[in-house]
Amino acid sequence: MKINEFRQNSDYGTLKNDTSGNSISASLVSGTDFNISSPLLASATLNVGTINAGIRARGKSSKYTPWANGITVYSDFLYSIPSLGPTTYTGALYCNLQRISANTIRLTLATEGGTGGPDFRIQENQTITFVFSTFLSPFD
Amino acid sequence: MAATDFIASTTYPIDKISGYQTGSTTVAATSTASPTAAHSLGYKPLYFIKWSTTPTFETSFDEIGVSTLDNLQLTAQTDETTLYLLISNNSASSVTLYYRVIYFMPPDVNLDADETTSALDTYNKNTNFNYTKVFDEDNLGSGNRTIAHNLGYYPQAEVWYERDDGKLLHLVSNQVTASASNPTAEMTTAALILKNNGVTITKWYYRIYVDEN
């Protein structure tokens with residue numbers, strides 16, 4: 001056995017896995033209209049079963065190659081504002097994986113938001129996917 | 001025993017919880033608060049933090065890097081003595097926020113565990129569950145880093161970083177765009193790629209886990 005291999009040590013607790021290999025996705029669909037005052041663009045929910053299970057996740061955009069570690073990733077998305085003509089813009093897309101109830105996690109795709117902004121139109125398809133594992137809360 | 005239940009493997013170590021902490025703080029309406037809590041570990045621990053608005057943690061949340069939808073947000077930092085929290089309450093009501101933190105010992109620290117009085121940080125083997133196995137962990141100096149793992153798939157990983165102000169942070173948010181302006185950790189089937197993207201980082205910590213799918 002190598003020095004960095006498994007050693008049983010009763011001085012430390014550890015994290016017990018609850019699930020592994022789950023995935024959840026949400027998409028922006030080209031041609032969809034939104035108002036900037038409503039930052040939520042898309043969401044998906046998933047029942048993960050166990051109360052308070054912690055989340056380890058990595059996320060990926062269909063636009064980009066690498067997976068990014070963490071439960072929040074940023075991407076960008078192209079949109080146009082009809083009143084300003086055909087110009088397209090790049091906006092920040094926030095993608096959060098978070099628990100919203102005892103058993104449920106939610107993936108949200110959101111903009112920076114604002115108040116009273118103009119309508120805008122998504123100009124391309126994009127799917128955000130998170131692969132995640134959950135671990136039991138050692139406190140419960 | 002299910003296929004995903006405990007498999008004892010001496011090929012890999014597992015996460016070891018070297019300490020933990022609980023607490024609560026009340027944040028006034030439309031305000032921020034920066035409570036601190038002493039952990040007295042003597043080193044900058046790697047951490048996971050969860051928080052809730054109820055003391056029973058019936059619904060609990062993870063540290064979120066960015067959220068434009070929620071009225072409550074929490075981020076954390078650690079150093080050798082203290083846990084630092086930054087809580088933002090954008091709601092119209094005062095909120096009491098409860099938090100639970102578990103600490104891991106960094107790979108460049110090798111001290112005896114100090115807390116032995118609770119089952120929480122005492123090893124308790126339960127074959128109803130499997131345990132995430134650490135394929136590789138280390139600490140690295142400043143700059144962009146590429147850690148080859150050559151696993152042939154995209155493994156799960158956790159990353160923390162120490163800034164030039166001495167605070168240690170869990171990397172929970174990432175940009176997948178080409179123009180990132182925060183530290184990022186990208187994963188390929190062959191390597192974990194750490195980029196500071198203009199942020200002064202004095203040290204990286206990472207753990208790459210064996211995939212159990």
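The values are calculated or read from the model by the stated rules, or taken from the named source; none is laboratory data. Small disclaimer: the values here were computed from a predicted structure and weren't measured. Positions of Cβ are generated from backbone atoms using ideal geometry, with glycine treated the same way; all protein chains shown enter the neighbour counts.
Of all the listed residues (A:Asn96, A:Asn125), the sole one being over 26 Å from B:Thr75 (Cβ atoms) and either crowded, with 19+ Cβ neighbours inside 10 Å or not aliphatic (A, V, I, L, M) (or both) is A:Asn125. In the set (1) among the hydrophobic types (A, V, I, L, M, F, W, C); (2) touching a residue at least 40 places away in the same chain (Cβ under 8 Å); (3) over 25 Å from A:Ser23 (Cα atoms), A:Ile128 fails one condition alone, (3). From the list A:Thr108, A:Thr134, the one residue that fits, being at the interface with chain B (Cβ under 7 Å from one of its Cβ atoms), in contact (Cβ under 8 Å) with a residue 24 or more places away in the chain and not basic (Lys, Arg), is A:Thr108.
Could you check how many residues of segment A:70-102 are farther than 18 Å from B:Asn71 by Cβ, assigned to a loop (DSSP other than H, G, I, E, B) and either more than 9 Å from chain B (Cβ to nearest Cβ) or among the aliphatic types (A, V, I, L, M) (or both)? So the count comes out to 6.
Each row is one residue, and each column tells you yes or no for (1) part of a strand (DSSP E or B); (2) at pLDDT below 85; (3) within 20 Å of A:Ile55 (Cβ to Cβ); (4) in the same structural domain as B:Tyr47 (by TED's automatic domain parsing).
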{"residue": "B:Thr177", "(1), (2), (3), (4)": "no, yes, no, no"}
{"residue": "B:Ile193", "(1), (2), (3), (4)": "yes, no, no, no"}
{"residue": "B:Gly198", "(1), (2), (3), (4)": "no, no, no, no"}
{"residue": "B:Thr202", "(1), (2), (3), (4)": "yes, no, no, no"}
{"residue": "B:Tyr206", "(1), (2), (3), (4)": "yes, no, yes, no"}
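Going by the structure shown, is A:Thr127 part of a loop (DSSP other than H, G, I, E, B), out of contact with any Leu (no Cβ under 6 Å at 6 or more places or on another chain), more than 27 Å from B:Thr59 (Cβ to Cβ) and not small (Gly, Ala, Ser)? Even if it seems obvious, please write down each step before you answer.
Working: part of a loop (DSSP other than H, G, I, E, B): no; out of contact with any Leu (no Cβ under 6 Å at 6 or more places or on another chain): yes; more than 27 Å from B:Thr59 (Cβ to Cβ): yes; not small (Gly, Ala, Ser): yes.
Judged against the criteria, A:Thr127 is not a match.
Can you find a residue that is of a type in the set (Lys, Arg), part of a loop (DSSP other than H, G, I, E, B) and in contact (Cβ under 8 Å) with a residue 40 or more places away in the chain anywhere in segment A:55-69? Checked against the condition, which is being of a type in the set (Lys, Arg), part of a loop (DSSP other than H, G, I, E, B) and in contact (Cβ under 8 Å) with a residue 40 or more places away in the chain, segment A:55-69 yields at least one hit.
Looking only at residues in segment B:162-205 that are hydroxyl-bearing (Ser, Thr, Tyr) and more than 9 Å from every other protein chain (Cβ to nearest Cβ), the one that is farthest from B:Leu46 (Cα to Cα) is B:Thr189.
Against the condition modelled with pLDDT of 75 or more, part of a loop (DSSP other than H, G, I, E, B) and surrounded by fewer than 13 Cβ atoms within 10 Å (Cβ to Cβ), how does B:Asn110 come out, does it pass? Can you show your working first?
Working: modelled with pLDDT of 75 or more: yes; part of a loop (DSSP other than H, G, I, E, B): yes; surrounded by fewer than 13 Cβ atoms within 10 Å (Cβ to Cβ): yes.
Yes.
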